[in-house]
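Before any comments, here is the structure.
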Amino acid sequence: MPSSLSKVVTIERHILDNQGQHPGATGRLTSLLYDIALAAKLIARETTRAGIANVLGITSGQNVHGEIQQKLDVYADQVIFRMNDHTGRVCVMASEEHDDLLHIPERYPPGHYVLIYDPLDGSSNIDVNASIGTIFAIHHRITPGDGHGTLEDVLQPGSRLVAAAYVIYGSSTMMVYSTGQGVHGFTLDPSIGEFLLSHPDIRTPSTGKYYSVNQGRQKHWSRGVQRYVAWLQGLDDEGREPLGLRYIGSMIADFHRNLLRGGVFLYPADTGQPSGKLRLTYEAQPLAFIAAQAGGYASDGARDILSIQPENLHQRVPVFMGSRDLVEKAEQFLREDA
Ligand code: P6P
């Protein structure tokens, strides 16, 4: 085989190759991940031409959080639902853009998996051409029977995730996923419309070069968080070099850079946001799963995010995630401050 072909590993090929490590695998998860990749390609196509395809700008609507919906938010949300509502692989979905569960239409058979997603995270950055992302979390259904999924199927701890993925629409479009067998990155080759393996077995360094936080909210943080960030800046020790501050206000972009280079992303609780800003089920849990699979860690400041039992679909959670040493240091400062 020509050497150039031996390097062409598509998502489907990689998942199928990996599937061998899942005894009793049926191929349903492989197909579901492929459906997700197709949705990502459609969203990528719109994001890369947003400025000319009249999909820039805002809609007249707001989402459940009172956030103004960007046209691309609505498009991405609809694409993901429609790519998965008829396949017979999903029993229920949930999206950042909808208050309630998204049920499979009666004309289609419900499936086995639960799909929870943030269709376009960081969408307020669309009009300024900053990288944005889509986040997916996949659970097995836990309620008996083969009918429609329920809220119980959705509100599971991250430790039970079957798979998680994110797509980053940046200088290139990448899909990063894990099914519990490590973390693997694929780059979209627009000339053939396929995601090709570009970052096999991603491991995040145990410590890092960057910290990512909205420094502008410093006066609203707890004393423990303020002391932690001062530590990251080396302000407590003349002899220790500071980490670089990298924060572009789009979590997927900050998370992805830190995953590859080492670092910590934090969105802590503060006086204005007592539970932080980020949502547990479709932002913190999937990224915590991926961080852990890459050798990193994600905490709410006190405990592993993957151990948290969600109480409701849109609950928020403080987030410290990335290089294990840096996240455990945050827990130490917050414990001392408790
Ligand atoms: P702030 C985008 O709205 C988002 O959910 C994340 O992608 C991002 O990291 C964060 O909010 C930015 O929030 O308060 O710093 O503007």
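The values are calculated or read from the model by the stated rules, or taken from the named source; none is laboratory data. Not measured: the values here are computed from a predicted model. Please note: Cβ atoms are built from the backbone with ideal geometry, for glycine as well, and neighbour counts cover all protein chains shown. When the accessible area is computed, the model is the full protein with side chains, heavy atoms only, and any ligands, DNA or RNA have been set aside. Shrake-Rupley method; radii C 1.70, N 1.55, O 1.52, S 1.80 Å.
Heavy atoms only, probe 1.4 Å: what % of the accessible area of the chain goes to carbon and sulfur, would you let me know? The partial results should precede the final answer.
Values: 7150 of 14330 Å².
Of the solvent-accessible surface of the chain, carbon and sulfur hold 50 percent.
Amide H to amide H distances under 5 Å link L245 with Y211, where only residues 5 or more positions off or on other chains count and H is placed in the peptide plane.
Helix-only arithmetic for the chain: the sum of -39500 (n - 2.57) across DSSP H runs with n ≥ 4, divided by the residue total, places the mean residue ellipticity at 222 nm at -8500 deg cm²/dmol. On a 0 to 90 degree scale, rounded to 10, what angle separates helix 71-84 from the longest Cα axis of the chain? Once rounded, the angle reads 50 degrees.
Taking the longest Cα principal axis of the chain as reference, the axis of helix 28-48 is set at about 70 degrees. Round to the nearest 10 and give me the degree value, 0 to 90, for the angle of helix 324-337's Cα axis relative to the longest principal axis of the chain. On a 0 to 90 degree scale, this one is about 50. The eigenvalues of the Cα gyration tensor, multiplied by 5 and square-rooted, give the chain an equivalent ellipsoid with semi-axes of 31, 23, 21 Å from largest to smallest. Using Cβ point charges alone (K and R +1, D and E -1), the dipole size of the chain about the Cα centre works out to roughly 580 debye.
What size of dipole, in debye to the nearest 20, comes out for the stretch 3-199 about its Cα centre when the only charges are +1 on Lys and Arg C-beta atoms and -1 on Asp and Glu C-beta atoms? Mind dumping the intermediate values first?
On the way: 12 positive and 21 negative charges, 132 e Å.
Computed about the Cα centre, the dipole is about 640 debye.
Residues whose amide H falls under 5 Å from that of D304, counting only those 5 or more places apart or on a different chain, are absent, with hydrogens built in the peptide plane. Computed over the stretch 210-336, the alpha-carbon pair-distance distribution with 10 angstrom bins reads 14, 49, 33, 4, 0, each value a whole percent. On a per residue basis, the chain carries 42 Å² of accessible surface, using protein heavy atoms and a 1.4 Å probe.
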